[in-house]
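*Asks:* Okay, here's the structure, questions in a sec.
The values are calculated or read from the model by the stated rules, or taken from the named source; none is laboratory data. Computed from a predicted structure; not experimentally measured. Note: ideal-geometry Cβ built from the backbone for every residue, glycine included; neighbour counts use all protein chains shown.
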Amino acid sequence: MLIQIFSIQVQTSLQERTTILGKFNKVRRLVGVVITEIIEKIAIKEGVEKEKLMTLSLIAYLNEKKKKYMEERLEILKRHNVKSAKELEEKIRRGEVNEHPAWEDLITLENLEELINEISDDIRNLQKAL
């Protein structure tokens, strides 16, 4: 009897999940259609091809993201009164700053610089595609 109840609950649960997933996919398709229509409307209004508008939008998005990373990078550099990750590393090795949190800041700084470079490359490649 207990196994039967458990089996019914599992089946119901699977059916509910399938139903929910189906509804989610339907909503996702509808949202995609609405977004596509909005992009097409804006492209016509602005007199720009849809693909060009999407590329320009992506470039603007990436520039905004790059700006935030650059601000975070500058904040870390100012905190340690340095101009580069290399200079911060030298200060840590000479004992001019406390190792903690300077090492963590150095790792963050290096990661930010890598992200900034990657985004810059992506922006350049997108601009070439225009």
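*Asks:* Checking LYS67 against (1) closer than 30 Å to ILE35 by Cβ; (2) touching a helix residue (DSSP H, G or I) at 6+ places or on another chain (Cβ under 8 Å), which single condition isn't satisfied?
*Replies:* It is condition (2) that LYS67 fails.
*Asks:* Look at segment 69-101 and say how many of its residues are part of a loop (DSSP other than H, G, I, E, B) and not hydroxyl-bearing (Ser, Thr, Tyr).
*Replies:* So the count comes out to 8.
*Asks:* Given the criterion more than 30 Å from GLN127 (Cα to Cα), in the same structural domain as ARG124 (by TED's automatic domain parsing) and either basic (Lys, Arg) or loosely packed, with under 11 Cβ neighbours inside 10 Å (or both), identify the matching residue among LYS86, LYS23.
*Replies:* Result of the check over LYS86, LYS23: LYS86.
*Asks:* Suppose we filter segment 26-72 for residues that are surrounded by 13 or more Cβ atoms within 10 Å (Cβ to Cβ), more than 18 Å from ASP121 (Cβ to Cβ) and under 22 Å from the mean Cα position of the chain (by Cα); how many remain?
*Replies:* Qualifying residue count for the region: 5.
*Asks:* Going by the structure shown, is THR19 among the hydroxyl-bearing types (Ser, Thr, Tyr) and more than 21 Å from the chain's Cα centre (by Cα)? Spell out the reasoning first.
*Replies:* Details: among the hydroxyl-bearing types (Ser, Thr, Tyr): yes; more than 21 Å from the chain's Cα centre (by Cα): yes.
For THR19, the condition - among the hydroxyl-bearing types (Ser, Thr, Tyr) and more than 21 Å from the chain's Cα centre (by Cα) - is met.
*Asks:* Still on this structure, I have one more. Kindly evaluate LEU77 against the criterion of being modelled with pLDDT under 95, touching a Ser or Thr at 6+ places or on another chain (Cβ under 8 Å) and assigned by TED's automatic domain parsing to the domain that holds THR55.
*Replies:* no
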